[in-house]
Amino acid sequence: MPAERAYLDWNASAPLRPEGRQALLDALDRFGNPSSPHREGREARALLESSREEVAGFLGCEPSEVVFTSGGTEANNLALRSLASAAQTRSWASTRLEHRSVLRPLEALSRGGRRACWLEAGEDGRAEAAGLDSGVGFGVVQAANQETGAVQPLEDFRQMFEGLGVPWYCDAVQAWGRIHLRAAEIGCATASLSAHKLGGPKGVGALYVRRGTPMDPILLGGPQERERRAGTENLAGIASLAAVCRAAAADWEGDARWAAGLRDRAVSGAKEIFPLLWENGPKAPHLRLPNTANLSFPGLEGEVLVQALDLEGVAVSAGSACASGALEPSHVLRAMGLPDWRVKSAIRVSLGPATAAEDIDRFLAALGRVVQRLAK
């Protein structure tokens, strides 16, 4: 195994940014409870609220509209529970492209008697904002897909849901810091953020909640987060989240250009190695995340490719992890209507600001060895 590795799985989790690490360590000294009235508690409260202001600035909303959570999954569940509780009708609209932490709660709502209205998705991985009637209670549409990088037509969905007079939720975890995105401009009632996708620690995130949107808390107890999420706040994690938001906002356009250049180099190099390769997702660069490539290798198995590349010192991904830890064919690619051979032979390559040209060199060299070996 090579002494150094190339990490190309940023959509799963990003390496901890130096700014996030330092903020995390510094905040560990603020041991007071933010709800306590003494000096230690006031110091912790001050850090909590300054971090909230930082995150709100990044999201493009008011500090009072930020609810800190344990990550994207909790934010998704809290948003969906709240929208379902407040809905005037027992139906909802979404796409089969969503992350499992969105699909599973929606499936639970269906088992409880609510009606699902599935929106169509094209072969490019973008959902279609059409085909809904006035009976829908709320909508759910992601900002960008975790597997293909497809950026959804959010303005079309905003107009559609506003026309129907129903609120909607946006899982924006993969989009923040990679494309231009402002909560107030999206037009959704709620939107999620996860620290570890931006280079922060795992176990902390946030939910944007537009002013006036009713919340039905999952966690009950104290009055934290304006009674929208009980429990002592993860102060160190929240401070780190604020730091990585600040770092991501500093030059997200430059980071996006850098990632896009490396992504294109990885794809073109892979095509030279394997001419039959297929790209899955939007062809136009402005319709996809700049850091993501989903590639199918006809005649090979995506899971085998992932394992073989791992042994060569390169981390990529394929499919999604199920409860057993094994990989299963991508539900996203299936929702796009792709044939089985493209679904089963797909891998995802995702990059970030710290990805180096040498990482792409290492990936292509490893891919060449792996393909030659598997072709035999």
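Descriptive notes on the structure:
- Hey, S13 surrounded by fewer than 22 Cβ atoms within 10 Å (Cβ to Cβ), within 16 Å of V244 (Cβ to Cβ), within 18 Å of the chain's Cα centre (by Cα) and at pLDDT 95 or above or not: yes
- Subset of the range 254-283 [closer than 15 Å to N145 by Cβ and of a type outside the set (D, E, K, R)]: N280, G281, P282
- Among (1) part of a helix (DSSP H, G or I); (2) in contact (Cβ under 8 Å) with a residue 24 or more places away in the chain; (3) of a type outside the set (V, I, T) - the single one A108 does not satisfy: (2)
- Matching entry among R263, R210, R246 (being farther than 29 Å from A23 by Cα and of a type in the set (D, E, K, R)): R263
- The number of residues in the range 31-51 that are under 16 Å from R246 (Cβ atoms) and free of Cβ contacts under 8 Å to residues at least 24 places away in the same chain comes to 1.
- The one condition in (1) touching a Lys or Arg at 6+ places or on another chain (Cβ under 7 Å); (2) under 21 Å from G187 (Cα atoms) that W176 fails to fulfil: (1)
- If the condition is being crowded, with 23+ Cβ neighbours inside 10 Å and among the β-branched types (V, I, T), then the range 333-354 contributes I347, V349.
- Scanning the range 226-263 for residues that are surrounded by 14 or more Cβ atoms within 10 Å (Cβ to Cβ) and under 17 Å from A357 (Cβ atoms) yields D255, A256, W258, A259, A260, G261, L262, R263.
- Count of the range 51-101 residues which are of a type in the set (K, R) and assigned to a helix (DSSP H, G or I): 3
- Of all the listed residues (G212, G200, G149), the sole one being in the same structural domain as T95 (by TED's automatic domain parsing), in contact with a helix residue (DSSP H, G or I) (Cβ under 6 Å, 6 or more places away or on another chain) and at pLDDT 95 or above is G200.
- Summed over the range 87-129, residues that are loosely packed, with under 15 Cβ neighbours inside 10 Å, of a type in the set (A, V, I, L, M) and more than 21 Å from L164 (Cα to Cα) total 1.
The values are calculated or read from the model by the stated rules, or taken from the named source; none is laboratory data. Because the structure is a prediction, the values reported are computed rather than measured. Neighbour counts are summed over all protein chains in view; Cβ atoms, including those assigned to glycine, are modelled from backbone coordinates with ideal geometry.
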